[in-house]
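Colleague: Have a look at this one.
Here, each number is a calculation from the coordinates, and none is a lab measurement. Keep in mind that this is a model prediction, so the values were computed, not measured. In this analysis, Cβ positions are derived from the backbone assuming ideal geometry, glycine residues included, and neighbour counts consider all displayed protein chains.
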Amino acid sequence: MYYPYQKGRYEVAPGLLPFGKDFGNGDVDQRLFQVGDDFPIYREQIELNRAREPVEKYVCEAKDTDPAAVGAIAAFMARKFAEEYPSKVRITHGAGGAEFHFENDFTGDSFVLVPAKNTVHDVKSKIKFVSGWDAVGAQVPEDLAIWKMNVDSASAPVSENMEALHLNAPNHWAAQDKVGQTFAAVHAPVAHIEKITPWAMNILDGILKKGPYVRFAWGVGTDNRLNHHPEVAPDVIDKEWHGRSFDPAEPRLYARVERQALWGFQDLHRALFTIRTYFHDMSELKKTRPEAVSGLIEAILGMSPESLQYKGLTHHRDQVVAWLRS
């Protein structure tokens with residue numbers, strides 16, 4: 001699907017590309033929400049998270065969140081999802097247009113969304129939703145965030161922060177630690193991010209005015225577990241949960257690729273950020289796409305010590321590379 005590591009270089013950069021750019025995946029590249037054969041796995045993860053853990057571990061909003069703004073973006077997502085999958089997702093508008101009924105055959109869920117209040121009612125689902133943002137977010141395989149541009153009385157940008165999160169497949173970070181924080185604070189653990197953080201407001205402003213965009217992020221791990229929240233879930237062994245422990249005797253290695261879309265709402269001074277996670281089994285890719293494996297090797301060998309540490313490769317780099325070359 002997407003092989004950003006094939007170019008043989010790991011870099012920390014905005015990497016913004018026009019949304020809809022053709023990567024050879026047909027109509028899929030044109031979609032904000034990418035539902036594939038693996039969708040049941042993502043939905044099962046959401047249901048599992050919600051059944052055994054507090055909702056605020058995965059779904060949260062900043063203290064000063066504007067319900068109407070978040071609700072408007074939730075409504076956009078619902079409409080966009082219905083537009084992209086008309087045979088599976090349906091919207092029926094109520095009288096006056098203040099709310100609409102949403103049905104999703106992929107999940108079996110239905111509810112009435114009230115965008116102005118960011119609420120839902122008449123819900124049919126296994127999940128107990130806490131907001132409209134939550135209800136719509138649970139319908140798609142993507143993790144979601146809203147970035148807010150704070151402006152003065154003249155609508156001039158003064159600061160930015162992450163306003164809301166719907167994070168069901170966290171990649172070694174916690175929603176509660178990030179919501180309400182600035183770009184710099186959210187990305188502080190990322191090696192070499194200091195090159196980008198001074199430009200955060202300019203980047204967000206560009207997304208609002210010139211987007212939408214798509215970009216990619218990637219790393220490697222020793223499992224295809226979606227949920228790698230820093231806090232281990234109940235009834236899971238710590239070592240299994242955290243992953244990133246390569247065993248040459250029983251080698252398992254996956255590239256974890258994130259297709260990230262950024263969709264601006266200039267009138268709301270906000271941007272929707274989506275993360276669609278894909279896994280590439282390296283044992284299979286060694287047979288079917290050796291050029292991608294070669295690129296991954298080059299990229300790993302070119303990483304700085306700081307990047308290796310951030311990606312969890314400090315102690316296993318040479319073993320991983322040797323196995324990829326074998």
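Colleague: Filter the GluC sites (Glu not before Pro) in the stretch 1-91 to those in DSSP coil with at most 13 other Cβ atoms within 10 Å of their Cβ, and list the result.
Modeller: Filter output for the stretch 1-91: E11.
Colleague: State the Cα centre-to-centre distance between the stretch 45-84 and the stretch 108-134 in whole Å.
Modeller: For the stretch 45-84 versus the stretch 108-134, the Cα centre distance is 9 Å.
Colleague: Positive end of the charge dipole of the chain (Lys, Arg +1 and Asp, Glu -1 on Cβ, about the Cα centre): tell me which of A233, N171, Y278 has its Cα farthest that way.
Modeller: Towards the positive end, the residue furthest out is Y278.
Colleague: Which entries in the list K21/K88; K210/K287; K57/K88; K124/K311; K63/K210; K57/K286 go over 31 Å, if you measure between the two C-alpha atoms of each? Numbers along the way, then the final one.
Modeller: Details: K21/K88 25 Å; K210/K287 40 Å; K57/K88 29 Å; K124/K311 40 Å; K63/K210 29 Å; K57/K286 37 Å.
Distance filter (> 31 Å) returns K210/K287; K124/K311; K57/K286.
Colleague: Evaluate the relative contact order of the stretch 1-152 (contact order divided by residue number), counting alpha-carbon pairs under 8 angstrom at least 6 apart; express in whole percent.
Modeller: Reported as a whole number, the value is 20 percent.
Colleague: Local charge sum around R259 (other residues, Cβ-Cβ under 12 Å, Lys/Arg +1, Asp/Glu -1)?
Modeller: Net of charged neighbours comes to +1.
Colleague: Of (1) 33, 23, 19; (2) 30, 25, 20; (3) 42, 29, 18, which one was derived for semi-axes √(5λ) of the Cα gyration tensor in Å from the structure shown?
Modeller: Correct label is (1).
Colleague: Rounded to the nearest 500, what is the chain's calculated 222 nm mean residue ellipticity when only DSSP H runs of at least 4 contribute -39500 (n - 2.57) each, over all residues?
Modeller: Computed ellipticity for the chain at 222 nm equals -8000 deg cm²/dmol.
Colleague: Please work out the Cα center distance from the stretch 169-225 to the stretch 294-326, rounded to the nearest Å.
Modeller: 22 Å
Colleague: If you don't mind, there's one more thing I want to ask. Please compute the modelled spin-label separation between K286 and E83, points set 7 Å along Cα→Cβ, answer in nm with one decimal.
Modeller: For E83 paired with K286, the spin-label model returns 4.5 nm.
Colleague: Towards the positive end of the charge dipole of the stretch 17-166, with charges on Cβ (+1 Lys, Arg; -1 Asp, Glu), say which of I41, A145, T92 has the farthest Cα.
Modeller: T92
Colleague: Quickly work out the V151-to-V123 label distance, labels modelled 7 Å from Cα along the C-beta direction, and quote it in nm with one decimal.
Modeller: Here the modelled spin labels are 3.3 nm apart.
Colleague: Next up: Could you give the length gained on full extension between H101 and A13, defined as 0.36 nm per residue of separation minus the Cα-Cα distance, in nm?
Modeller: Numbers: separation 88, 0.36 × 88 = 31.68 nm, distance 4.03 nm.
Full extension from H101 to A13 adds 27.6 nm.
Colleague: Can I ask one more? In percent, how large is the relative contact order of the stretch 32-325, given Cα pairs closer than 8 Å and 6 or more residues apart?
Modeller: 16 percent
Colleague: Let me ask another. Counting only other residues whose beta carbon sits under 10 Å from that of N118, what net charge do I get with K and R as +1, D and E as -1?
Modeller: -2
Colleague: May I pose another question? In the stretch 211-266, what GluC sites (Glu not before Pro) fall in a loop by DSSP, with at most 16 other Cβ atoms inside 10 Å?
Modeller: E231
Colleague: Once you charge only the Cβ atoms, +1 for Lys and Arg and -1 for Asp and Glu, what is the size of the charge dipole of the chain about its Cα centre, to the nearest 20 debye?
Modeller: 480 debye
Colleague: Apply the a/c threshold of 1.5 to the C-alpha gyration tensor of the stretch 52-142 and tell me whether it is rounded, prolate or oblate.
Modeller: Here the stretch 52-142 falls in the oblate category.
Colleague: Just to confirm a number: summing +1 for Lys and Arg and -1 for Asp and Glu over residues other than Q34 whose beta-carbon lies under 13 angstrom from that of Q34, what do you get?
Modeller: Summing Lys/Arg as +1 and Asp/Glu as -1 gives -4.
Colleague: May I ask which residue of I73, G15, S245 lies farthest towards the positive end of the charge dipole of the chain, with charges of +1 (Lys, Arg) and -1 (Asp, Glu) on Cβ and the Cα centre as origin?
Modeller: Checked the options; the winner is G15.
Colleague: Shifting gears a bit: Starting from the Cα-Cα distance between E53 and K21, subtract it from 0.36 nm times their residue separation and give me the gain in nm to one decimal.
Modeller: So the chain would gain 7.7 nm between E53 and K21.
Colleague: When only DSSP loop residues count, what trypsin sites (Lys or Arg not before Pro) in the stretch 1-84 have their Cβ near at most 13 other Cβ atoms within 10 Å?
Modeller: Within the stretch 1-84, the qualifying trypsin sites (Lys or Arg not before Pro) (loop, at most 13 other Cβ atoms within 10 Å) are R9, K21, K63.
Colleague: If you don't mind, another one. When only C-alpha pairs under 8 Å and at least 6 residues apart count, what is the relative contact order of the stretch 153-198, in percent? Mind showing how you got there, number by number?
Modeller: On the way: 28 pairs, mean separation 15.8, N = 46.
34 percent.
Colleague: Still on this structure, I have one more. Filter the chain for me: DSSP H helices, axial length by Cα at least 24 angstrom, mean Kyte-Doolittle hydropathy not below 0.0. List them by residue number.
Modeller: Values: long enough: 67-84 (25 Å, 0.63).
For the chain, where a helix must reach 24 Å along its axis and average at least 0.0, the hits are 67-84.
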